[in-house]
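Data first, discussion second: the structure below is written as structure tokens.
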Amino acid sequence: MIYVTRRSTFSASHRLFNPQFSEEQNAAVFDKCANPGGHGHNYVLEVTVAGEPGIDTGYVIDLKVLKQIIKKEILDKVDHKHLNHDVAFLKGIIPTAENIARAFWEILEPKIPRGKLHAIRLQETENNSVEYKGE
Ligand code: NI
């Protein structure tokens with residue numbers, strides 16, 4: 001099995017808060033991330049596809065094709081957006097890196113034409129990242 005990864009970047013803002021919580025609870029759980037006006041990140045997204053290289057192409061998946069899928073399905077919808085307000089597929093969820101990574105998986109998994117989606121890695125800051133493998 002070979003693992004092929006495409007790295008992309010996007011910038012977006014978000015606010016972490018739970019509408020079910022009181023203002024005090026939100027401040028206690030999310031601290032500065034609950035700032036009412038939101039705040040931004042330069043995200044790094046890594047999408048990994050697993051499979052065997054085709055006898056015909058030598059590719060697990062053509063990275064040009066993977067790049068186009070990620071652009072159309074994800075980047076065009078989230079880059080320079082406010083994740084709480086502007087992105088239909090994130091409506092109603094708290095846009096933590098965990099929840100964003102899982103939402104990206106749900107969108108991309110059925111769109112991968114060759115090989116199998118193996119992991120979504122989302123880096124929010126240099127020090128903080130999450131990884132989702134579909135379970
Ligand atoms: Ni944040």
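Key figures for this structure:
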| item | result |
| --- | --- |
| Lone unmet requirement of (1) in contact with a Leu (Cβ under 9 Å, 6 or more places away or on another chain); (2) within 16 Å of the ligand (Cβ to nearest atom); (3) more than 19 Å from Lys91 (Cβ to Cβ); (4) not charged (D, E, K, R) for Ala27 | (1) |
| Subset of the stretch 120-135 [outside any loop (DSSP other than H, G, I, E, B) and touching a Phe, Trp or Tyr at 6+ places or on another chain (Cβ under 7 Å)] | Ile120, Leu122, Gln123, Tyr132 |
| Yes/no for Asp31 being of a type outside the set (Ser, Thr, Tyr), more than 30 Å from Met1 (Cβ to Cβ) and modelled with pLDDT under 95 | yes |
| Residue in the stretch 105-113 that is surrounded by fewer than 15 Cβ atoms within 10 Å (Cβ to Cβ) and part of a loop (DSSP other than H, G, I, E, B) present | yes |
| From the options Thr48, Thr57, residue that is polar (S, T, N, Q), more than 16 Å from the ligand (Cβ to nearest atom) and more than 29 Å from Thr96 (Cα to Cα) | Thr57 |
| Tally of residues being more than 22 Å from the chain's Cα centre (by Cα), of a type in the set (D, E, K, R) and surrounded by 12 or more Cβ atoms within 10 Å (Cβ to Cβ) across the stretch 8-24 | 0 |
| Subset tally (residues that are in a strand (DSSP E or B), farther than 23 Å from Trp105 by Cβ and more than 9 Å from the ligand (Cβ to nearest atom)) for the stretch 30-45 | 0 |
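The values are calculated or read from the model by the stated rules, or taken from the named source; none is laboratory data. Predicted, not measured: the structure shown is a model, and the values here were computed from it. Virtual Cβ from ideal backbone geometry, glycine too; neighbours counted across all protein chains shown.
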